[in-house]
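Okay, structure first, notes after.
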Amino acid sequence: MSVELCGVALRGPILNGSGTFDAIAARRTFGDALLDPEVFPFDAFVSKTITVEPRQGNPPPRLWESPAGLINSIGLPNKGLAGFLREDLPRLAEVPVPLVVSVMGFSRAELRRLVEAVGERDEVAMIELNVSCPNVETGLVMGADPAETAAAVEEVRPATEKPLIVKLTPTASDPAGVASAAEAAGADSVSLINTLKGMALDPRTRRPWLGGGTGGLSGPAVRPIALEQVAAVSARVGIPVVGMGGVATGRDARDFLDAGALCVAVGTESFRDPAAGRRIAHELSVISGDERGFSLAPAR
């Protein structure tokens, strides 16, 4: 089930959702066995989103389990561009699959700076543009407006020859229109969906449970929404689509592929099962008539 995403050969179509699998922490838990290509859970690895400056993230609590889903209020904690390049990239470069680095800027200039710095590194195969944040220059969420999205892609496109994957927000009134604008501006691929905004109340205090007040809902609860948006976007654009949103089984993955996605990303399911990516790949291959088996056990 090998595929080619933006000219990059992948052994299969299963990626991780950014921020849902910490490869560095997983290696500490599972040992160097994680670097075995037959063990590593994904066919390409997407890093946590990085920003120009370091971020502490939102105060705890950061997670709330909801029926068929998970609300997170992580807040993009990261070491910043310099810290990522110095400390994390050398370790992420050791994963046995192509590396995708996710970046987010609060202005087009920040986004370009990130893309330039990351794009010049040989270890990086592709770059994901997380456009789910407000542009401080306009106040508009970059990925919610076709013109804003196009302007962001046009700003960074000359800064790198690496493939650009634009991560779309599901809150746009017309996700397919945003995807089309990204394609026209030079994006090589789009991925969707990101989380949906939600909140939870503390059953004792009746105040918001999450330290950030609100968070992003993911998991099986959002899958029907994700599937519809992936189908709509796939029908509008000619560039590859990476579909995600509540993928927990090979059948779920097959649904996204049948809706028009070239690749599928696994997110929330990895919190429950760190080997979910390989399991889903196995289930998908069985459905497709090419059985493979994988296992992942903690290092002894």
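Observations on the structure shown:
- Output for the range 13-29, where each listed residue is within 11 Å of VAL264 (Cβ to Cβ) and out of contact with any Leu (no Cβ under 8 Å at 6 or more places or on another chain): LEU15, ASN16, GLY17
- Listed by first and then second residue, the pairs linking a residue in the range 182-197 that is outside any loop (DSSP other than H, G, I, E, B) to a residue that is open to solvent by 50 Å² or more (accessible area, probe 1.4 Å), with Cβ atoms under 6 Å apart and 6 or more places separating them unless they lie on different chains, are ALA185/GLU154; LYS197/THR214.
- VAL131 being at pLDDT below 95, out of contact with any helix residue (DSSP H, G or I) (no Cβ under 8 Å at 6 or more places or on another chain) and either within 30 Å of ALA259 (Cα to Cα) or open to solvent by 10 Å² or more (accessible area, probe 1.4 Å) (or both): no
- Filtering SER173, SER107, SER73 for residues that are under 25 Å from THR214 (Cβ atoms) and surrounded by fewer than 15 Cβ atoms within 10 Å (Cβ to Cβ) leaves a single hit, SER173.
- Residue under evaluation ALA151, criteria (1) in contact with a helix residue (DSSP H, G or I) (Cβ under 8 Å, 6 or more places away or on another chain); (2) modelled with pLDDT of 90 or more; (3) open to solvent by less than 10 Å² (accessible area, probe 1.4 Å), criterion not met: (3)
- Residue pairs meeting the criteria (Cβ under 7 Å; at least 6 apart or on separate chains; first under 18 Å from LEU70 (Cα atoms), in the range 251-269; second part of a helix (DSSP H, G or I)): ASP252/ARG223; VAL266/ALA276; VAL266/GLY277; VAL266/ILE280; GLU269/ALA276
- Tally, over the range 246-273, of residues that are open to solvent by 50 Å² or more (accessible area, probe 1.4 Å) and either part of a helix (DSSP H, G or I) or modelled with pLDDT under 95 (or both): 6
- Scanning the range 154-181 for residues that are under 13 Å from VAL237 (Cβ atoms) and not in a loop (DSSP other than H, G, I, E, B) yields ILE165, VAL166, PRO175, ALA176, GLY177, VAL178, ALA179, SER180, ALA181.
The values are calculated or read from the model by the stated rules, or taken from the named source; none is laboratory data. Here the structure is a predicted model, which is why all the values come from computation and not from measurement. Please note: Cβ atoms are built from the backbone with ideal geometry, for glycine as well, and neighbour counts cover all protein chains shown. Ligands, DNA and RNA are excluded from the accessible area calculation, which covers all protein heavy atoms including side chains. Shrake-Rupley method; radii C 1.70, N 1.55, O 1.52, S 1.80 Å.
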